[in-house]
Amino acid sequence: MNQFKWWQKAVFYQIYPRSFADGNGDGIGDFKGMTQKLDYLNDLGVDALWLSPHYPSPMVDCGYDISDYENVAPEYGTLEEFKTFLDGAHARGMHVILDMVLNHTSNEHCWFQESKSSRDNPKADWYVWVDSSPNNWQSCFDGPAWTYTPERGQYYYHYFMKQQPDLNWHNPDVRKAMWNAVRFWLEMGVDGFRLDAIGTIYEDPELTAHTVPMDLAGLRHFSDIAETPAEKAQVEQYWREMFKNQLGQPGIHELMKELRSVLDEYEGDRMLVGEDDDVTYQGNGEDELSMVFNFPLMRTDLITPEWVRKNQQERIAALAKVSPEAWACNTLGNHDCSRLYTRFSASRIGGNGIHDTDLARLNLALVLTLRGTPFLYNGEEIGMTDYLIPDPSRLRDTMATWYYDRLVKQLKVDPSQAALRAAAMSRDKNRTPLQWRNAPNAGFCPAEVLPWLPVNPNHAEGINVQEQEKEPASLLQFYRHMLQVRKENPALVEGNYRPVHEQVGEYLAFLRSTPSQTILVMLNYSERCIAADLTDLGFRSARTVFAANCSSFQSIAKMDMEPFCIWIAELS
Ligand code: GLC
């Protein structure tokens with residue numbers, strides 16, 4: 001039988017370093033703070049930590065613009081403090097993976113500084129340079145994708161901001177230098193990497209122009225105001241068209257193979273997870289990435305049984321083409337998108353919000369019981385919500401400050417309207433400091449210090465760790481319990497997935513089975529009480545391993561599920 005690797009059994013927890021825990025009281029998270037919270041994470045029951053970038057950076061894209069790949073941002077601490085954190089995590093049995101940004105560096109990285117200094121320096125070809133502004137490509141964050149540099153009299157390419165120049169991965173010296181940075185961390189003992197934006201690494205060599213009749217600000221504006229289905233379909237088509245020559249180009253597979261072989265120089269099943277949903281980047285199951293994210297699962301306004309069934313059917317079929325052992329990776333939130341609690345809540349789609357917590361619980365039960373490795377995002381466990389920062393001067397996501405500026409200056413939108421729209425599209429709303437206590441600044445930093453992003457005031461309404469630790473019925477305790485249930489029932493990790501009762505619209509039901517255990521998962525996504533008849537499954541009895549919003553189990557012929565019930569049972 002397949003020997004399951006640690007990253008297949010683990011539940012990952014994403015730490016956003018700037019917002020997680022502030023150990024030195026300067027309003028910015030750091031390694032001292034992260035180290036202090038290792039026991040909290042261990043008690044929560046997660047097995048692996050993914051750190052968003054912790055490297056030195058001018059922070060134009062909150063660390064995704066790296067200026068030194070072999071060090072720690074001074075505001076986060078020192079390499080020594082990083083090592084203390086890593087050792088502390090390992091000592092508690094938790095693995096740690098880092099974010100690795102391959103596509104681009106910061107414009108302040110010494111490689112770029114040298115590259116831009118002349119046309120014939122040793123790193124002249126390390127980035128993507130052209131003689132004249134060649135086409136209408138856009139940066140997905142802020143306007144034209146080409147920026148002029150007087151020193152060379154040439155333009156460089158950047159898929160993201162102009163402070164994030166794209167590396168030229170056709171140059172073998174670039175590969176060598178980056179793989180050395182990868183080795184630097186592997187030698188220190190990190191367990192793998194989340195690979196940032198791998199689809200953006202190569203561009204169409206013909207530099208074919210896009211055919212959308214507007215620029216990026218125009219398209220964002222059109223996306224905001226599109227109302228009719230025809231307009232919305234047009235918006236989607238324009239987004240695809242605008243970037244199609246800048247994404248998913250040939251060469252990525254070869255590069256992933258090369259990187260895989262670097263990891264394979266080291267012991268201990270080091271892993272790679274790609275920020276992409278294309279399962280072909282898993283190669284033959286062994287020679288490229290360990291996993292890619294199942295992002296399609298979260299591309300919806302509302303999680304419904306029908307949506308999940310369709311998603312699983314498609315993903316499982318796609319993975320099977322990679323290899324019988326290709327592994328899935330499920331998530332419902334990260335630092336780039338609206339928080340799970342807000343995004344999939346009933347209030348967001350016009351409901352009254354009474355069941356938002358029930359839905360958050362159902363969605364956690366879902367990611368922890370589907371086949372594949374779950375990724376959770378920090379703060380999710382206490383039900384942190386999006387916070388629309390009302391003052392545009394407090395926004396830190398450059399994508400949003402750029403958009404605010406364009407709305408006001410170019411598109412003449414009223415500043416108060418522009419502020420609302422910028423706050424809503426900004427990723428700051430889902431990156432606010434973690435809410436540790438009902439105290440000034442939510443206990444993240446001292447009362448007199450201004451945190452790097454405003455704290456969500458709802459920390460005073462029970463959305464904080466300290467109060468939820470004391471409250472047996474809290475979301476935090478629910479997370480702990482569910483994580484425990486997953487650990488205690490091997491079928492939830494190793495078992496295959498078989499949907500049952502597929503004709504039912506209100507609840508999702510599926511079996512997870514190994515040769516020695518079969519677990520039934522029933523998730524009632526509706527406001528109705530439902531009596532389910534399970535006799536067709538061919539089992540005689542069921543032992544409840546977890547139940548929420550459920551009458552106690554009576555018989556296989558009649559399982560009463562109250563609204564939003566979660567019932568997980570071992571069948572025999
Ligand atoms: C990825 C990151 C995002 C970042 C971008 C550019 O999508 O998740 O936060 O802005 O890459 O590096």
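Total residues in the range 40-80 satisfying the condition of being touching a Gly at 6+ places or on another chain (Cβ under 9 Å) and part of a helix (DSSP H, G or I): the figure is 1. Evaluate the range 203-210: report whether one residue or more is of a type in the set (Gly, Ala, Ser), open to solvent by 20 Å² or more (accessible area, probe 1.4 Å) and away from the ligand (no atom under 15 Å from the Cβ). Yes - at least one qualifying residue is present in the range 203-210.
Mind checking whether some residue in the range 114-131 is open to solvent by 20 Å² or more (accessible area, probe 1.4 Å), closer than 28 Å to residue 79 by Cβ and not in a loop (DSSP other than H, G, I, E, B)? Among the residues of the range 114-131, at least one is open to solvent by 20 Å² or more (accessible area, probe 1.4 Å), closer than 28 Å to residue 79 by Cβ and not in a loop (DSSP other than H, G, I, E, B), which makes the answer yes. The residue that is most open to solvent (accessible area, probe 1.4 Å), counting only those in the range 273-324 that are free of Cβ contacts under 8 Å to residues at least 40 places away in the same chain, charged (D, E, K, R) and within 16 Å of the ligand (Cβ to nearest atom), is 299. Taking the criterion of being open to solvent by less than 10 Å² (accessible area, probe 1.4 Å), within 16 Å of the ligand (Cβ to nearest atom) and out of contact with any Lys or Arg (no Cβ under 9 Å at 6 or more places or on another chain), the residues of the range 157-196 that qualify are 157, 158, 161, 164, 166, 167, 178, 181, 194, 195.
Go through (1) over 30 Å from residue 5 (Cα atoms); (2) touching a strand residue (DSSP E or B) at 6+ places or on another chain (Cβ under 7 Å); (3) of a type outside the set (Val, Ile, Thr); (4) open to solvent by 10 Å² or more (accessible area, probe 1.4 Å) one by one and return the number of the condition residue 541 breaks. Unmet condition: (2).
So, in the range 65-79, of the ones that are farther than 15 Å from residue 23 by Cα and open to solvent by 10 Å² or more (accessible area, probe 1.4 Å), which residue ends up farthest from the ligand (Cβ to nearest atom)?
Across the range 65-79, the extreme among qualifying residues is 79.
Of the residues making up the range 222-256, just one is closer than 30 Å to residue 174 by Cβ, free of Cβ contacts under 8 Å to residues at least 40 places away in the same chain and not in a helix (DSSP H, G or I), namely 244. For the range 170-208, how many residues are aliphatic (A, V, I, L, M), within 20 Å of residue 87 (Cα to Cα) and in a loop (DSSP other than H, G, I, E, B)? Qualifying residue count for the region: 1. Test of understanding: among 364, 359, 368, which residue is more than 16 Å from the ligand (Cβ to nearest atom), under 26 Å from residue 44 (Cα atoms), assigned to a helix (DSSP H, G or I) and in contact with a Lys or Arg (Cβ under 6 Å, 6 or more places away or on another chain)? Unique residue meeting the criteria: 368. The residue that is modelled with the lowest pLDDT, counting only those in the range 267-301 that are farther than 19 Å from residue 374 by Cα and outside any helix (DSSP H, G or I), is 301. Please go through the range 427-472 and give me each residue that is part of a helix (DSSP H, G or I) and of a type in the set (Val, Ile, Thr), ordered by number. 465, the sole residue that qualifies.
The values are calculated or read from the model by the stated rules, or taken from the named source; none is laboratory data. Only a predicted model underlies this, so the values are computations on that prediction, with no experimental measurement involved. FYI the Cβ positions are ideal-geometry reconstructions off the backbone, even for glycines, and counts take in every protein chain you see. Calculation scope for accessible area: heavy atoms of the full protein, side chains included, ligands and nucleic acids excluded. Shrake-Rupley method; radii C 1.70, N 1.55, O 1.52, S 1.80 Å.
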